1. Find the residue count for the range 19-37, including only residues that are without any contact (Cβ under 8 Å) to a residue 12 or more places away in the chain and either under 26 Å from residue 59 (Cα atoms) or surrounded by 15 or more Cβ atoms within 10 Å (Cβ to Cβ) (or both).
2. Say we look at the range 46-82 and pick out the residues that are without any contact (Cβ under 8 Å) to a residue 24 or more places away in the chain and of a type in the set (S, T, N, Q); which of these is nearest to residue 3 (Cα to Cα)?
3. Is there any pair linking a residue in the range 1-18 that is in contact (Cβ under 8 Å) with a residue 60 or more places away in the chain to one that is surrounded by 11 or more Cβ atoms within 10 Å (Cβ to Cβ) and of a type in the set (Lys, Arg), with Cβ under 9 Å and at least six apart or on different chains, and which?
4. Based on what the data block shows, is residue 19 closer than 15 Å to residue 78 by Cα and at pLDDT 85 or above?
5. Which of the residues belonging to the range 15-48 are over 11 Å from the mean Cα position of the chain (by Cα) and aliphatic (A, V, I, L, M)?
6. Residue 77 fails exactly one of the following numbered conditions: (1) modelled with pLDDT of 90 or more; (2) touching a Gly at 6+ places or on another chain (Cβ under 9 Å); (3) among the aliphatic types (A, V, I, L, M). What is the number of that condition?
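The values are calculated or read from the model by the stated rules, or taken from the named source; none is laboratory data. Since the model is a prediction, treat every value here as computed from it, not as a measurement. Cβ atoms come from the backbone with ideal geometry, glycine included; neighbour counts cover every protein chain shown.
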Amino acid sequence: MAREVVCRSRSRAQKRAAAGEGYVLQLPRPREGWAAPFLADWLRFGGAAAGPADAVRPPPSAGPVDVRAVWVRPEVVASTPST
């Protein structure tokens, strides 16, 4: 079931990429408990293939989390192999 959802999502993303649209990745993380190297990786993630995007605001029930988002360029999304 989860694999089917991922495959459908990737297929839709690739169709949007063919039309020149990118893909926004939401990157949540717990506000506490991350060692400095992991936090640095989270902050750098997407730097080579993406730019900044508007992050979602998590619901209060999510607890203390930070969210950042990156917009993946269409050519990067289109280059992702299908399975």
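1. 4
2. 79
3. Taking only residues 6 or more apart or on different chains, the pairs are 17/73.
4. Yes.
5. 17, 18, 19, 35, 36, 39, 40, 43, 48
6. Result: residue 77 fails condition (1) only.
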